[in-house]
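*Asks:* Quick one: this structure, given as structure tokens, is what I'll be asking you about.
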Amino acid sequence: MYNQIFLFLPAIFVFSVSPDVETPWLAPLPTLALFATLLTAWTFFCRRQFAGVRRDGAWFRQEKRLTILSLPLYCALVYGCDLRHYLGLLDLGGEAPSVVNILGLAVFFLCLAPVWEAARPSYQRIFAARYSRRGFFWLHCRAHLPIVLPWIALSLASDAVSLLPVPGLHRALASAWGDFLFFFLFVVVIAIFMPPLVRRLWACKALPNGPLRRELAEFCARQGFRDGIFIWPLFEGRMMTAAVMGIVPGLRFILLTPAMIESVSRDELFAVLAHELSHVKHHHLIWYVLLLAAFSALMGALSDPFLHFILPAARLEQLLATTSITPATYITISQSLPILIGLLLFFRFVFGWFMRNFERQADLGVIAMIGDGQALRSTFEQLAATGGDKEQANWHHFGLGERIRAIEAAERDPAYIIRHNQKTRRGLGLYFLVIALLICPLGQANGQHEIAYENAIGSGLLQRQIRLHPQDARPALALADFQARRGLEREARDSYERALNTFPDMVELLNNFAWFLVTSHDVALRDPARALSLARLAVVLHPTGNVYDTLATTYWANGLTDMATETELRAIAANPGRRQEYLRQLARFRIMTYEESLARPAPRPETNP
């Protein structure tokens with residue numbers, strides 16, 4: 001179950017950052033043919049890999065390898081078949097984007113289906129079981145759903161909240177901590193109510209009434225645990241393991257596989273139970289929720305710094321200008337990729353460190369609960385005998401040999417338990433302190449680059465239109481006007497110049513450039529003489545009210561007040577609808593000179609439409 005995290009996080013990421021193209025590179029029928037061909041070839045490949053598998057170790061290795069290889073196949077389907085485009089036709093008019101993401105994940109399950117089907121014959125031989133194709137597929141789906149169901153539920157909950165007619169709630173969620181609080185509450189709800197659902201998905205049954213159940217229940221009751229004990233039929237019940245799930249009394253339980261119950265002595269079974277109860281005593285499941293919530297808060301605070309480090313505004317503008325990919329795709333990839341890497345590293349090293357040390361804390365808790373660790377050590381020896389390498393460790397558990405030696409050390413020196421508990425507490429304290437110290441300055445820094453990004457997106461998309469439509473003057477004019485409105489005045493002047501070289505007779509361009517040359521906030525960019533020349537040409541080409549107004553302003557800027565007044569009256573005659581605006585301009589000409597206006601600049605628009 002833990003390793004599934006490293007499988008589904010990349011799969012969810014691959015589809016989430018895939019571009020929603022307007023026109024797929026293949027028509028629907030060729031796309032369908034490519035989709036079917038890739039899946040068919042994958043099916044035959046999986047069958048060949050499982051041919052001749054006779055032992056459980058080889059079966060597990062082959063299934064793991066092919067499951068990992070399903071990720072490249074999924075990438076080929078997502079990008080080669082433009083899955084987001086075709087699945088986007090089912091997003092209910094944009095009202096339910098999570099539906100598309102869930103369907104995208106369903107395609108990943110479709111990539112896993114040939115692996116499971118190819119594994120079915122050898123699984124039936126090795127584990128002495130019989131399954132139909134549908135039954136075996138559902139068996140594996142049930143095993144994977146506990147990992148993906150929380151993500152599905154979060155996506156649907158997010159869509160549902162966005163559709164609620166509650167503006168105050170939407171404003172709260174849009175605040176700096178709104179997303180984190182929503183996610184934290186969601187994680188808490190999932191942690192409370194998910195375990196009973198998982199129990200049903202895994203087809204767990206209550207331990208039957210009898211002497212064993214009574215003894216185990218009495219032992220649990222003496223430790224303050226009065227919830228249920230269930231049989232976990234993992235791999236037909238032949239795997240020796242146990243687990244505790246749930247954080248709330250009444251909704252938590254202990255799972256024991258049949259192999260564990262049948263293969264160990266009564267004392268060893270009590271030791272296994274004591275290990276699981278130690279997890280409850282030390283509140284490990286609650287700490288897992290808090291660890292994940294704190295890391296999620298950190299990732300939320302880091303999302304903007306990561307984005308602007310990986311994709312500076314200037315680079316985004318260049319990419320938008322030279323490619324056909326949407327801004328949302330670039331931003332999503334740049335934000336999501338470091339978060340994905342951070343999550344994988346977090347689970348592998350940070351979360352894994354706590355899991356290993358929580359497991360050791362639970363091992364050592366057995367000594368305090370039943371007096372010694374002999375029975376637990378004996379159980380580990382049996383597990384090592386059936387599982388192979390005694391010293392093999394993984395990211396979430398120490399090796400069995402190391403766990404046995406830790407128990408022996410604690411039996412020789414009871415202070416070992418105290419030291420380990422202190423080490424675990426210090427680790428938790430340091431973790432939350434580091435998270436808090438990182439989040440505080442990051443929370444204040446976020447949002448500083450929003451204006452730069454807005455400018456980059458607007459400029460980049462308009463430059464793309466100029467590249468795609470070089471004979472159309474409108475994108476070139478729109479770019480210069482956009483930059484002028486956004487305060488990018490040096491860039492605006494360059495854009496006006498380039499546009500004018502290409503379209504020297506465009507009236508709107510002449511008019512707006514002339515207006516810019518006498519009204520720009522950067523006085524060094526003003527050029528009244530050239531503005532007058534441009535405005536005169538615009539009036540000759542198309543004498544409208546706004547063009548006369550621009551010409552009048554350029555006369556005034558050049559000290560020709562009488563001509564400015566006469567021309568402004570022509571603007572009023574040409575466009576009576578803007579009479580009041582032009583009269584205010586006329587009064588301005590009469591009460592101050594252009595030089596005087598430089599000391600008291602009026603808030604004028606950067607263009608004169």
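Each value in this text was obtained by applying a stated rule to the coordinates, not by laboratory testing. Computed from a predicted model, the values in this text were never measured in an experiment. Here Cβ is always computed from backbone atoms with ideal geometry, including for glycine, and neighbour counts include all displayed protein chains.
*Asks:* Once the Cα atoms of helix 507-519 and of the chain are each reduced to a long axis, what angle between those two axes, in degrees from 0 to 90 to the nearest 10, is obtained?
*Replies:* So the inclination is approximately 90 degrees.
*Asks:* Mark the label point 7 Å from the Cα of N3 along Cα→Cβ and return the residues of the range 113-130 whose backbone N is within less than 15 Å of it.
*Replies:* 116
*Asks:* To continue, here is another question. Cα centroids of the range 1-37 and the range 89-139: how far apart, whole angstrom?
*Replies:* Using only Cα atoms, the two centres lie 15 Å from each other.
*Asks:* P(r) of the range 335-393 in 5 Å steps, Cα pairs, percent per bin?
*Replies:* 4, 15, 14, 17, 16, 12, 8, 6, 4, 2, 0
*Asks:* So if we plug the beta-carbon distance of A587 and L185 into 1/(1 + (r/R0)^6) with R0 = 56 Å, what FRET efficiency do we get, rounded to 0.05?
*Replies:* Here the calculated transfer efficiency is 0.40.
*Asks:* May I pose another question? Compute the FRET efficiency between I192 and I341 as 1/(1 + (r/R0)^6), taking r as their Cβ-Cβ distance and R0 = 41 Å, and round to the nearest 0.05.
*Replies:* 0.85
*Asks:* From the Cα gyration tensor of the chain, with a ≥ b ≥ c the square roots of its eigenvalues, which class applies: rounded if a/c is under 1.5, or else prolate if a/b is larger than b/c, or else oblate?
*Replies:* Prolate, since a/c reaches 1.5 and a/b exceeds b/c.
*Asks:* Right, something else. Taking Rh as the Kirkwood radius computed over C-alpha pairs, what is the Stokes-Einstein D of the range 507-599 at 4 °C in a medium of viscosity 1.567 mPa s, expressed in µm² per second?
*Replies:* It diffuses with D of about 101 µm²/s by this estimate.
*Asks:* Report the extension gain between R54 and N209 in nm, rounded to one decimal, defined as 0.36 nm multiplied by the number of residues separating them, less their alpha carbon distance.
*Replies:* 52.1 nm
*Asks:* Could you order the peptides 372-384, 134-146 from most to least packed, using the average number of other C-beta atoms within 10 Å per residue?
*Replies:* For the peptides 372-384, 134-146, the packing ranking is 372-384, 134-146.
*Asks:* Would you work out the relative contact order for the range 1-146, in percent, from Cα pairs under 8 angstrom that are 6 or more residues apart?
*Replies:* Relative contact order comes out at 34 percent.
*Asks:* Turning to a different aspect of this structure: Out of the DSSP beta bridges found with both residues in the range 191-263, what percent are antiparallel (nearest 5)?
*Replies:* In the range 191-263, DSSP labels about 60 percent of beta bridges as antiparallel.
*Asks:* Turning to a different aspect of this structure: Report, as a whole number in µm² per second, the diffusion coefficient that Stokes-Einstein gives for the range 191-263 at 25 °C and 0.890 mPa s using the Kirkwood radius over alpha carbon pairs.
*Replies:* It diffuses with D of about 196 µm²/s by this estimate.
*Asks:* Can I ask one more? What dipole magnitude, in Debye to the nearest 20, does the range 191-263 give about its Cα centre under +1 on Lys/Arg Cβ and -1 on Asp/Glu Cβ?
*Replies:* Dipole size: approximately 180 debye.
*Asks:* Please give the helix 327-345 orientation as an angle from the longest Cα principal axis of the chain, in degrees from 0 to 90, rounded to the nearest 10.
*Replies:* Roughly 30 degrees, rounded to the nearest 10.
*Asks:* Extension gain E236-T561, at 0.36 nm per residue separation less the Cα-Cα distance, in nm?
*Replies:* So the extension gain works out to 107.4 nm.
*Asks:* Sticking with this one: Cα axis of helix 400-412 to longest principal axis of the chain: angle in degrees, 0 to 90, nearest 10?
*Replies:* 70
*Asks:* Still on this structure, I have one more. Return P(r) of the range 1-128 (all Cα-Cα pairs; 5 Å bins starting at 0; whole %; ordered from short to long distances).
*Replies:* The calculated distribution, bin by bin, is 2, 10, 19, 19, 18, 13, 9, 6, 3, 1, 0.
*Asks:* Another question about this same structure. Can you tell me how much longer the chain between R130 and N394 gets when fully stretched, taken as 0.36 nm per residue apart minus their C-alpha distance, in nm with one decimal?
*Replies:* Extending this stretch completely gives an extra 91.9 nm.
*Asks:* Based on the Cβ-Cβ distance of R536 and A573, what FRET efficiency does E = 1/(1 + (r/R0)^6) give at R0 = 25 Å, to the nearest 0.05?
*Replies:* Plugging the Cβ-Cβ distance into 1/(1 + (r/R0)^6) gives 0.85.
*Asks:* Hey, another quick one. Lysine pairs in the chain with alpha-carbon atoms under 27 Å apart, 8 or more places apart or on different chains: how many are there?
*Replies:* Qualifying lysine pairs in the chain: 4.
*Asks:* Restricting to DSSP H runs of at least four residues, report the calculated mean residue ellipticity at 222 nm for the chain, -39500 (n - 2.57) per run over all residues, nearest 500 deg cm²/dmol.
*Replies:* -24500 deg cm²/dmol
*Asks:* Right, something else. Grab every C-alpha pair in the range 173-300, bin the distances at 10 angstrom width from 0 up to the longest one, and report whole percents.
*Replies:* Computed distribution, short to long bins: 12, 38, 29, 14, 6, 1.
*Asks:* To check my understanding: the extent here is largest minus smallest coordinate of the Cα atoms along each principal axis. What are those three numbers for the range 284-445, in Å, largest first?
*Replies:* Projected onto its principal axes, the Cα set of the range 284-445 covers 69, 36, 19 Å.
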